[in-house]
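The numbers here are math on the coordinates, done by the rules we state, and not lab data. Small disclaimer: the values here were computed from a predicted structure and weren't measured. Note that we place each Cβ from the backbone using ideal geometry, even for glycine, and neighbour counts take in every protein chain shown.
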Amino acid sequence: MRKPAPIPQPSVLERAAQLADAGRLDEARRLLHDQIQRGAPRADHYHLLAVIEGARGREVASGDALRRALYLDPEHYPSLVQVALQADARGDIDRAQRMRANAERVRAAQEAAGPDGREGGGR
């Protein structure tokens, strides 16, 4: 008799996103901080942390998390877009335009690379 396949557990990032979507921002924030403290941070972790901090009204902490995301991955599209939105909100039009241009460049390069990451879509 076969054992049923185990149900895959959500990743830390998925779990934190679920908590945040449910309005459990403090729990989501703690989960991300724990993951980061374990020494396995990714740009996605910091990006979600930035979104959570922004939702909590902590713009400085949000900006700090975005800077860390972009340090880990300077071409992290969601973080580039978020920085552009924050710059717009502060009235920093020049920075917002630069970040939007960077985000567009990254998006275009990702589309040109295709789903497998190779130039020309891997054909």
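Tell me the mean residue ellipticity at 222 nm calculated for the chain from its helices only (DSSP H runs of n ≥ 4, each -39500 (n - 2.57), averaged over every residue, nearest 500).
The per-residue figure over the chain is -22500 deg cm²/dmol.
The spread of Cα positions in the chain, taken along each principal axis and listed from longest to shortest, comes to 64, 45, 26 Å. In a reduced charge model with +1 at each Lys and Arg Cβ and -1 at each Asp and Glu Cβ, the chain shows a dipole moment near 360 debye about its Cα centre. Computed extension length for ASP94-ALA109: 3.1 nm, one decimal, from 0.36 nm per residue of separation with the Cα-Cα distance subtracted.
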